[in-house]
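The values are calculated or read from the model by the stated rules, or taken from the named source; none is laboratory data. Keep in mind that this is a model prediction, so the values were computed, not measured. Here the Cβ positions follow ideal geometry from the backbone for every residue, glycine too, while neighbour counts run over all protein chains shown. Heads up: the accessible areas ignore ligands, DNA and RNA and are worked out on the full protein's heavy atoms, side chains in. Shrake-Rupley method; radii C 1.70, N 1.55, O 1.52, S 1.80 Å.
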Amino acid sequence: MKAFIFDLDGVIVDTAKYHYHAWKHLADHLDIPFTEEDNEQFKGVSRKRCLELLLEMGGLTVSQEQFDRWLVEKNEDYLGYIAKMDASEILPDVPRVLDFLRSRGVPMALGSASKNAKPILEKVGLTEYFSAVVDGHDTTRAKPDPQVFELAASRLGVAAPSCVVFEDALAGIAAANSAGMTSIGIGDPEVLTEADRVFRDFTEIDSDFITGLLQGRP
Ligand code: BG6
Ligand code: MG
């Protein structure tokens, strides 16, 4: 049996831009130059690790209290962006692929680093598709560690080599590969070079390709 595991931010919904805006806001406040290219490293990475990276970029060392306050500030800023999210922010053709898999009885899980994953799934109305949701509250080791996907596979009761992972982040592709899963990149092929296959978005993924994956073709 095959199982499919989906990352959330940048795969199912276009929240990657909101994470970027929130980090950019904090970076500007701290006078740390921060570009969309820098933000690639932040994709798939836990909130705490993102702040560590930002402070490293700015050469700043701060107290634990200050660190924790900035974590809260960034998240409050982010929550402001996602407050009004609805199904219109689901990325193109994601529902078509989810419906196709569900119609074939394929078990599906969410595997996200985000602690906001469950409320976002609720807001966009996709919760019911997933038999397991593994998020930033369930994991102790961030992507590229495979923990998030291993946990998702074990909750679905499917062996790692039978899992297919959809990811937009370098760290997420590395996590899927190190779990021994098939990795499908969503984004720029020149960035996601380690993925088994890369598509710009789900509009490029047809039923034949999914059927091939279900039959074990790469
Ligand atoms: C990942 C995003 O899905 O979740 C990262 O790609 C983000 O950019 C991480 O830092 C943690 O998210 P949150 O919502 O817990 O701050
Ligand atoms: Mg992502």
Worksheet entry | Only Lys, Arg (+1) and Asp, Glu (-1) charged, at Cβ; the chain dipole about Cα centre in debye | 800
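Order the peptides 178-184, 74-80, 60-66, 32-38 from the highest to the lowest mean number of other Cβ atoms within 10 Å of their residues. List each step's numbers first, then the result.
Working: 178-184: 21.7, 74-80: 15.3, 60-66: 10.1, 32-38: 13.1.
Final packing ranking: 178-184, 74-80, 32-38, 60-66.
Among DSSP beta bridges lying fully in the chain, give the percent that are antiparallel, nearest 5. If you can, show how the numbers build up before the last one.
On the way: 1 of 19 bridges.
About 5 percent, rounded to the nearest 5.
By the scheme Lys and Arg +1, Asp and Glu -1, what is the net charge of all other residues having a beta-carbon under 15 Å from that of ASP86?
On the way: positive: LYS84, LYS123; negative: ASP14, GLU89, GLU122.
Net charge in that neighbourhood comes out at -1.
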Worksheet item: So what is the relative contact order of the chain, in percent, for Cα pairs below 8 Å that sit 6 or more residues apart?
Response: 25
Response to the item:
Pseudo-spin-label distance GLU190 to MET57, built 7 Å along Cα→Cβ, given in nm, is 2.0
Worksheet item: What order do you get for 203-214, 127-138, 104-115 when each peptide is scored by the mean count of other beta carbon atoms within 10 Å, highest first?
Response: 104-115, 127-138, 203-214
Worksheet item: Which value, in Å², gives the accessible area per residue of the chain when a 1.4 Å probe is used on the protein heavy atoms?
Response: 46
Worksheet item: What is the Cα centroid distance between segment 97-128 and segment 160-207, reported in whole angstrom?
Response: 17
Worksheet item: Of all accessible surface on segment 16-82 at a 1.4 Å probe, what whole percent is carbon and sulfur?
Response: 49
Response to the item:
Length-normalised contact order of segment 134-218, Cα under 8 Å, at least 6 apart, in percent, tallies to 21
Worksheet item: Hey, if you put +1 on the Cβ of every Lys and Arg and -1 on every Asp and Glu Cβ in segment 16-82, which of HIS21, ASN39, ILE82 ends up farthest toward the positive end of that dipole?
Response: ILE82
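Add +1 for every Lys or Arg and -1 for every Asp or Glu among the other residues with Cβ under 9 Å from the Cβ of GLY172, and state the total. Present the calculation step by step, with values, prior to reporting the outcome.
Details: positive: LYS43, LYS143; negative: ASP7, GLU167, ASP168.
Local net charge: -1.
Would you please give the FRET efficiency between ARG217 and LEU71, computed as 1/(1 + (r/R0)^6) with r the Cβ-Cβ distance and R0 = 41 Å, to the nearest 0.05?
Numbers: r = 43 Å, r/R0 = 1.05.
The formula returns an efficiency of 0.45 here.
For segment 16-82, calculate the relative contact order in percent as a whole number, restricting contacts to Cα pairs under 8 Å that are 6 or more residues apart. Each step should come with its number before you reach the end.
Values: 32 pairs, mean separation 31.7, N = 67.
Dividing the mean separation by the residue count of segment 16-82 yields 47 percent.
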